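Written out below as C-alpha cells is the structure these notes cover.
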Amino acid sequence: MKEKELIDTVNRIRVLAQNGLVYSTNEYDTERYEELLEISNRIAAGLSGHSLSEISACFSLEKDYVTPKVDVRAVVFNNENEILLVQEKADGCWSLPGGWADVGYSPCEVAVKEVKEETGLDVEPLRLLAVHDKKCHNHPPALHYAYKIFILCRIMGGEFNEVFDIQGKGFFRQDNLPPLSLERVVKEQIDLMFEYKKAPAKDAVVD
C-alpha cells in the first residue's frame, strides 16, 4: 500500500472511531472505539514523524459527527493572463491565495478575505470553478481529510502589502510557474484554472 493510501486509511479509521465515540451507548463499545483511536494516532505518529502527543493534540476528539475540513482558494488573473500566487513562509513555495474556511464566512467571503490579508488586493468573487477532494489529486499525504474550493475573483483595487506569513506575491504565466506548495495546490489545478481563463463558459468541476 502506498504511503498516501495508508494515511487515507488511517484517517478513515480515526473518523470511524471518533464517530463511534459520539454515538456509542455502552462502555464495551466506548473502550473499543478509544482503542481504535489510539491505534490510528500511533500509526499516524509513525508515518508523520510527529510524537504521539502532538498527533493526539492535533486531532482532539470531536463532539459531533466528523466531517472534512474545507480549504478555499481564490483564482485571480491580471490583464496579461497571469495568475496570482503567494509565497508561503511555511515552506518557501507558492500557492493560490487562500486557506482553511472560517466559521461565519461564506466560501466567497473567505476568498475575498484571504486575498486581502495575503496580498492587499481587493477582489470581487465571480463564480465557482471547482470543488476537489484532496485525496483525488496529486497532493502529498496529509493527516487532515479536506475538500478544496476554487473561486474565480476579479481585482477591484488595492495594492500589494507585507504580511507576516507570506514571503512574496506576484502574477505568473502558465509556462513560468514558481515551485508550488504541493500541500496547498498542484500543477494540474493551476492548469485547470488557466483552462477557465481561456474558456470562461466551461462548467465547474466537482469530484
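Where a number appears in this text, it was derived from the coordinates with a stated rule and is not lab data. From a predicted model like this one, the values you see are computed outputs, not experimental measurements. When we count neighbours, we look across all protein chains shown, and the Cβ atoms used for this are built from the backbone with ideal geometry, even at glycine.
Each Lys or Arg adds one and each Asp or Glu takes one away; over the other residues whose Cβ falls under 13 Å from the Cβ of ARG127, this sums to +1. Of the options [x] 48, 38, 35; [y] 51, 35, 31; [z] 63, 32, 30, only one is Cα extents along the principal axes in Å as computed from these coordinates, and that is [z]. Legend: ranking of residues LEU192, LEU126 from fewest to most surrounding C-beta atoms inside 10 Å; resulting order LEU126, LEU192. Listed by chain and number, the aspartates and glutamates whose C-alpha is less than 19 Å from the C-alpha of LYS202, apart from same-chain residues fewer than 8 away, are GLU82, GLU188, ASP191. Applying a DSSP loop filter and a limit of 11 other Cβ atoms within 10 Å to the trypsin sites (Lys or Arg not before Pro) in segment 119-207 leaves ARG173. Multiplying the residue separation of ARG32 and ASN79 by 0.36 nm and removing their Cα-Cα distance gives an extension gain of 11.1 nm. So what's the angle, to the nearest 10 degrees on a 0 to 90 scale, between helix 27-48 and the longest Cα principal axis of the chain? Value to nearest ten degrees: 50.
Give the angle, between 0 and 90 degrees and rounded to the nearest 10, that separates the Cα long axis of helix 187-198 from the longest principal axis of the Cα atoms of the chain. Once rounded, the angle reads 40 degrees.
Here's the list of lysines a cross-link from LYS198 could span, going by alpha-carbon distance under 28 Å and ignoring same-chain residues fewer than 8 apart: LYS113, LYS116, LYS134, LYS135, LYS148, LYS169, LYS187. The distance linking segment 67-87 with segment 118-173 is 3 Å (Cα centroid to Cα centroid, whole angstrom).
Packing-wise, with mean Cβ within 10 Å as the measure, how do 113-123, 86-96 rank, highest first? If you can, show how the numbers build up before the last one.
Working: 113-123: 20.7, 86-96: 18.7.
Highest mean packing first, the order is 113-123, 86-96.
Mean sequence separation of contacting Cα pairs (under 8 Å, at least six apart), scaled by the length of segment 122-207, corresponds to a relative contact order of 40 percent. A crude spin-label estimate for the pair VAL103 and LYS187, with each label 7 Å from Cα along the Cβ direction, gives 4.0 nm. With the simple model of a label 7 Å out from the Cα in the direction of the Cβ, ASN176 to ALA201 spans 3.2 nm. Antiparallel beta bridges, as assigned by DSSP with both residues in segment 1-155, represent about 65 percent of the total such bridges.
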